[in-house]
């Protein structure tokens, strides 16, 4: 079988294989756009498309959120010699859905002396911030809601907005633990945003663009983590650390720190409002993981090795969406692995880590990368 | 709308006071700490105890000596066996009964197993306090194996009630020796994993080194005993100083460290686990033959006088002070519990550090609240 | 020092002491007025150095209320038991030794809580376990019809 | 220069120590055989408690509905918290003598602390521990049990 495939792909006369057409979602989206135009005016077409995309993203959001909660519980259970959820459905896969219903039906307890408006607003800010960031992420070729030419900047800016929600939640809860948690979270995100930005800049230098689709396309002949020598690898590690910190996950979960602050900024929330915070945490994890996958690991690009034509051909056969999800979940698994292994840092150590270690390393790294790009030493 | 209450106090009195406990994940029970903060820094700590004060000392005055055992089980429920041993030794000393070697050896093995499982639980909880949740499950997983040994021989898992004045309630189970040996073999392999997971971890080092320093002088003055005191260089191991049961016939080191910080307290306990395994290994193959209990009178009456017995529990020195007036009930029983003194040092060593450090220090003191409240 | 030497030594520190060689430890009965002085000397004298107060218990002797101090020297490893009692059951008051041994702070609060003995010069004498509505449960004449059931 | 080397050393040792920890958790993740969770209600059938497990105090009866309890009351005396209450009656034996016998041996499971003093001190070994451990009931009154079965009698030869 294999020699035939090799012969097929190497022959220049052959047109693009059928799956390459199917895996390219741009034709599908263009077709939908064109057929909608036939029926409606351009204004209503845009409105309809926005609605469709909104609903799709909402569905995706819920599914990913629920799945990630389940995955986290299973992963941590297996690391801790436990089974994890195993009662609701086979292997407990409906556990999170049951939890969702429980959270939906729970009472929303009003807090006395809390700032009511801000208290209710905070979960929405958190969830909207993570919701907006999803729009710019390319899931497969031609499968993204909007392809901004400053995509990376947009995702970073929007996902960092969530901290406002966290600060509001801590402030308005009228709870001392919540306030400490919120203040910690503020200090943490402000500092770690710097590292996230700088480590991405390292790659932007290499790619020469901030548009996510261009960055992905530039990795057709090799992922940036391999192309960019050691600086790209260091940038990847720094990005992993600082994005874990930015999403308030262990070992950087100081804002929640359940052994110190009971639950930090969302101590006073219950029911669906708590679910919003909970879901946003997991979606934020998904977003940073997908940025890591897109920027460092080639997004939806399959894994290619130099001149192994047959191997590359088989890799091409796997749909890009699967590649993308696989890479994202690899990064998410890494983050879960961190969380369930390490003890928590202290707030001053957290800031020391950022300002004394990550930031200098990052700055040097950017310089080296710029030098490499200038000299043309990268692959 | 309701008028909101505005508290006006002079500037120096406006402290940020948070209430840690009685229901707080890291106070391990119903300890309440009033912590005044300055930012993240702890200014002072006021412990409030008594939430599960059960009046054990008062209850002891109206029950007989064998019945006291079931109350001491519930004092420091993690090292229940050692508490029972203290009362039994005291009663036996007062009655001047010679205890056969078999009982002594079995008691020692049981005490060391208790110490081992207590330290495992402490390690589990300490890891959890510092945010490493996985430690909790590994610690409890291994502790279950010891509890199984207890259950097979004593019928209870934590509240063993295995000692009684004059010996033991039952003989050891036929499987006991094999199970203990299997466990030691297993745990010798597992304990290095604890080190890899937590002891060597750079984050853990940062969190524990130099945190909550307790000098030797303060440790003695505050009466801080057990691994906590020994981490400060205070040689207070009752097993060495006043050997009871079979401790005079085994070789073991008294773990002494001089740093006195959280890390030293941690290492002291990890080392004690190794020592406990050594002690058990020395004894488990040479349990002498003999009766498992001395025949006692149906009603035990202590001669008039005062009796004091010290034992080394997993947390420090437990003293049982019995004043007898010749009746079948004690006139007064006082338990000098190790946790009570260990708690009193908390304000001294934790003020000036951060909240996260307070949690770490509290975890390293290994407080069991029923033992404080009694 | 063994028990006899220790007894001689303590006798030299203060008069009016009742020294008994107990079965286990040397027992010294001190009048309340001399307690603080003797405790301080036992802590500070070069030959004694009782630096470890390992047990402080309050006892209701029926007619009197008393406190028993178990002292140990971590340097010489000798032990002495100090006993003091006061016959005033209404307003019993003793000197606090909390500034000599820091652990006495908590232990004296416990004794105050359960037996109602007040300690003079104690830095922070509050009830420890119980709230103010309780009596002093470890006293022999304590009555509580609700919580104590006699069979 | 030395400080820079130390700085790098610190980082490398730190990362190495973290990797060692990750090795432990990672190795367990890929070895599902080490999982210790028991699926409790579904493995109920093959759950065997240890034979000395102190579940609750019972009074073993033989097939002729006879027990060994003479109603002496030693267990009641020895119980530290009033769990056991013995109501005795006077019966007339076959040879015409009046004799004390057990009417009801009341056992309050809700108060029992499983100290085993009653079982151990019983002169005729009438009491024992069962291995039952599922004690939850919906009504507190159900925890007050009468240990001797209705119509049961003292076993022959037990005084």
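The values are calculated or read from the model by the stated rules, or taken from the named source; none is laboratory data. All values derive from a computational prediction rather than experimental measurement. FYI the Cβ positions are ideal-geometry reconstructions off the backbone, even for glycines, and counts take in every protein chain you see.
Overview of results
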read-out	value
Within the stretch D:110-148, considering residues that are within 11 Å of chain B (Cβ to nearest Cβ) and over 17 Å from the mean Cα position of the chain (by Cα), the one surrounded by the fewest Cβ atoms within 10 Å (Cβ to Cβ)	D:123
Search result, residues across the stretch B:76-117 that are at negative phi and part of a loop (DSSP other than H, G, I, E, B)	B:76, B:97, B:98, B:99, B:100
Checklist (1) surrounded by 15 or more Cβ atoms within 10 Å (Cβ to Cβ); (2) in contact (Cβ under 8 Å) with a residue 12 or more places away in the chain; (3) closer than 26 Å to residue B:71 by Cβ applied to residue D:155, failing item	(3)
Qualifying residue in the stretch A:82-104 (condition: within 14 Å of chain B (Cβ to nearest Cβ), farther than 25 Å from residue A:271 by Cα and at pLDDT 85 or above)	yes
Hey, residue A:309 touching a residue at least 60 places away in the same chain (Cβ under 8 Å) and not assigned by TED's automatic domain parsing to the domain that holds residue A:59 or not	yes
Residue list for the stretch C:95-118, filter: in contact with a strand residue (DSSP E or B) (Cβ under 6 Å, 6 or more places away or on another chain) and under 13 Å from residue C:66 (Cβ atoms)	C:111, C:115, C:117
Leading residue by the ranking (nearest to the other protein chains (Cβ to nearest Cβ)) among those in the stretch D:65-76 that are touching a strand residue (DSSP E or B) at 6+ places or on another chain (Cβ under 9 Å) and without any contact (Cβ under 8 Å) to a residue 60 or more places away in the chain	D:76
Selected residue [in the same structural domain as residue D:128 (by TED's automatic domain parsing), over 30 Å from residue A:339 (Cβ atoms) and modelled with pLDDT of 85 or more] from D:84, D:91	D:84
Residues (without any contact (Cβ under 8 Å) to a residue 12 or more places away in the chain and closer than 30 Å to residue A:261 by Cβ) located in the stretch B:40-83	none
Residue match in the stretch B:28-48 (condition: under 24 Å from residue B:312 (Cβ atoms) and within 12 Å of chain A (Cβ to nearest Cβ))	yes
Of the criteria (1) more than 9 Å from chain B (Cβ to nearest Cβ); (2) touching a residue at least 24 places away in the same chain (Cβ under 8 Å); (3) surrounded by 11 or more Cβ atoms within 10 Å (Cβ to Cβ), which one residue D:62 fails	(3)
Failed criterion for residue D:39 (all others in (1) free of Cβ contacts under 8 Å to residues at least 12 places away in the same chain; (2) surrounded by 17 or more Cβ atoms within 10 Å (Cβ to Cβ) hold)	(2)
Qualifying residue in the stretch B:339-357 (condition: in contact with a strand residue (DSSP E or B) (Cβ under 9 Å, 6 or more places away or on another chain) and part of a strand (DSSP E or B))	yes
Count of residues meeting criterion [assigned to a loop (DSSP other than H, G, I, E, B) and either within 10 Å of chain C (Cβ to nearest Cβ) or in contact with a strand residue (DSSP E or B) (Cβ under 6 Å, 6 or more places away or on another chain) (or both)] in the stretch B:305-325	1
Test for residue A:16: is it under 26 Å from residue A:311 (Cα atoms), within 33 Å of the chain's Cα centre (by Cα) and modelled with pLDDT of 60 or more	no
Scope the stretch B:193-238; condition surrounded by fewer than 24 Cβ atoms within 10 Å (Cβ to Cβ) and part of a loop (DSSP other than H, G, I, E, B); matching residues	B:200, B:209, B:210, B:211, B:213, B:215, B:233, B:235
Residue tally, condition in contact (Cβ under 8 Å) with a residue 24 or more places away in the chain, in a loop (DSSP other than H, G, I, E, B) and surrounded by 18 or more Cβ atoms within 10 Å (Cβ to Cβ), over the stretch A:212-230	4
Tabulated pairs, the stretch A:255-273, first at positive phi and crowded, with 24+ Cβ neighbours inside 10 Å, second at pLDDT 85 or above and not in a helix (DSSP H, G or I), C-beta under 9 angstrom, 6+ apart or interchain	A:257/A:344
Residues located in the stretch D:1-56, provided they are under 30 Å from residue D:107 (Cα atoms), in contact with a helix residue (DSSP H, G or I) (Cβ under 9 Å, 6 or more places away or on another chain) and part of a loop (DSSP other than H, G, I, E, B)	D:49, D:50, D:51, D:52, D:53, D:54
All positions within the stretch B:169-192 that are buried (at least 21 other Cβ atoms within 10 Å of the Cβ) and touching a strand residue (DSSP E or B) at 6+ places or on another chain (Cβ under 9 Å)	B:169
Conditions (1) part of a helix (DSSP H, G or I); (2) within 14 Å of chain B (Cβ to nearest Cβ): number failed by residue A:256	(1)
Top-ranked residue in the stretch C:59-77 [being in contact with a strand residue (DSSP E or B) (Cβ under 9 Å, 6 or more places away or on another chain) and within 8 Å of another protein chain (Cβ to nearest Cβ); ranked as farthest from residue C:141 (Cα to Cα)]	C:74
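Residues are listed down the side, and each one gets a yes or a no for (1) at pLDDT below 85; (2) away from chain B (no Cβ under 13 Å):
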residue: C:79; (1), (2): no, no
residue: C:108; (1), (2): no, no
residue: C:117; (1), (2): no, yes
residue: C:121; (1), (2): no, yes
residue: C:130; (1), (2): no, no
residue: C:143; (1), (2): yes, no
residue: C:147; (1), (2): yes, no
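For every residue, the table says whether it meets (1) under 30 Å from residue B:128 (Cα atoms); (2) without any contact (Cβ under 8 Å) to a residue 60 or more places away in the chain; (3) surrounded by fewer than 15 Cβ atoms within 10 Å (Cβ to Cβ); (4) not assigned by TED's automatic domain parsing to the domain that holds residue A:173.
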residue: A:74; (1), (2), (3), (4): yes, yes, no, yes
residue: A:84; (1), (2), (3), (4): yes, yes, no, yes
residue: A:95; (1), (2), (3), (4): yes, yes, no, yes
residue: A:115; (1), (2), (3), (4): no, yes, no, no
residue: A:123; (1), (2), (3), (4): yes, no, no, no
residue: A:126; (1), (2), (3), (4): yes, no, no, no
residue: A:135; (1), (2), (3), (4): no, no, no, no
